[in-house]
1. Heavy atoms only, probe 1.4 Å: what % of the accessible area of region 57-134 goes to carbon and sulfur, would you let me know?
2. How many angstrom separate the Cα center of region 90-112 from the Cα center of region 188-220?
3. Compute the semi-axes of the equivalent ellipsoid of the chain, taking the square root of 5 times each eigenvalue of the Cα gyration tensor, and list them largest first in whole Å.
4. Can you pull the one-decimal nm distance between simple spin-label points at ALA245 and THR95, each 7 Å off the Cα toward Cβ?
5. Could you state how much accessible area MET255 has, in square angstrom rounded to the nearest 10, with a 1.4 Å probe and all protein chains kept in place?
6. Taking only C-alpha pairs under 8 Å that are 6+ residues apart, what is the relative contact order of the chain in percent?
7. Among LEU28, LEU185, LEU62, determine the one that fluctuates most according to a GNM of the chain built with springs between C-alpha atoms less than 10 Å apart.
8. Go through region 58-151 and name the GluC sites (Glu not before Pro) that are in a DSSP coil and have 16 or fewer other Cβ atoms within 10 Å of their Cβ.
Amino acid sequence: MNTKPSTSGLSDNAVVITRVADRQWHALEDDLVVGRGHALHRPDGRLFVSIDAWHDTTFDRLAEAMLAELPSPLYTVVDEADIELTAGWQRAGFTVRRREWEYAVPTDPRVTGLEAVLPPSGVTIVPAGEADEKLLSAVDRAIRDEVEATVGWQSMPAEVVARPEGDTVVDPSKYAVAAAPDRYLGLIRVVTAIRPRIGLLAVRAGEHRRGIARALLAHALRTLHVSGFTEAWTEVHESNHAASALFEGIGARAMSSNLELVR
């Protein structure tokens, strides 16, 4: 399924760009792989591209070949500190769509100051894995609709994907919730793989400023601390000043920033 090779024309030993599989490309120089590119559909349906190349000219040739075959729009995510990679995508016509700060979040209640934090009166925290799936889906859908009607779902962390109608919860076992007697008021999702990551922390619009988000965060971090984790990680959109203030207020440290680019 190889496409017709293209050459850089920049040296006697020309770089040849070849599609080696579906949405996968190699850059070859004297039969040596000097660059790779691939494209992948995220769960939200968007197509993300990435390139790993030794030289700028190889990057540009891979980008040219890939963009000629892939549909628009295309997305990519880069570490903002990687100036060369960011510049490469900008040469290919990509522009900055969003910026996220990545925070390292301590879990020790003595560090976070969340030792004595409890949910407000009439609200209980239901641990991860114990939530009612129908009520969980209902609060998740309500929060998503509220976000979409105001700042837009694109303001949420990039890894918090939009789901098809009726399938909004990624994995019910990962969510702890704040519960009132008749419904759920907020939720927090923590995924523990190599390191714990807080993928979503949100509260219904009518329940803001009651301390529910803080109580959910205190519960999640306390659970991680008991499990032996000293830190968790999370991403916050640069415009979400309330979330930044919440995490920085418990000692979270901004470690890096990521850019999502679009063409």
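1. 52
2. Region 90-112 and region 188-220 have Cα centres separated by 16 Å.
3. Those come to 42, 19, 16 Å.
4. Rounded to a tenth, the inter-label distance reads 3.1 nm.
5. For MET255, solvent-accessible area is about 100 Å².
6. 25
7. Highest fluctuation among the options: LEU28.
8. Taking region 58-151 and a limit of 16 other Cβ atoms within 10 Å, the loop GluC sites (Glu not before Pro) found are GLU80, GLU115, GLU130.
The values are calculated or read from the model by the stated rules, or taken from the named source; none is laboratory data. Just so it is clear, the structure is predicted and the values come from calculations on it, not from any experiment. Ideal geometry is used to build each Cβ from the backbone, glycine not excepted, and the neighbour counts take in all protein chains shown. Remember, those area values only see protein heavy atoms, side chains included, never the ligands or the DNA or RNA. Shrake-Rupley method; radii C 1.70, N 1.55, O 1.52, S 1.80 Å.
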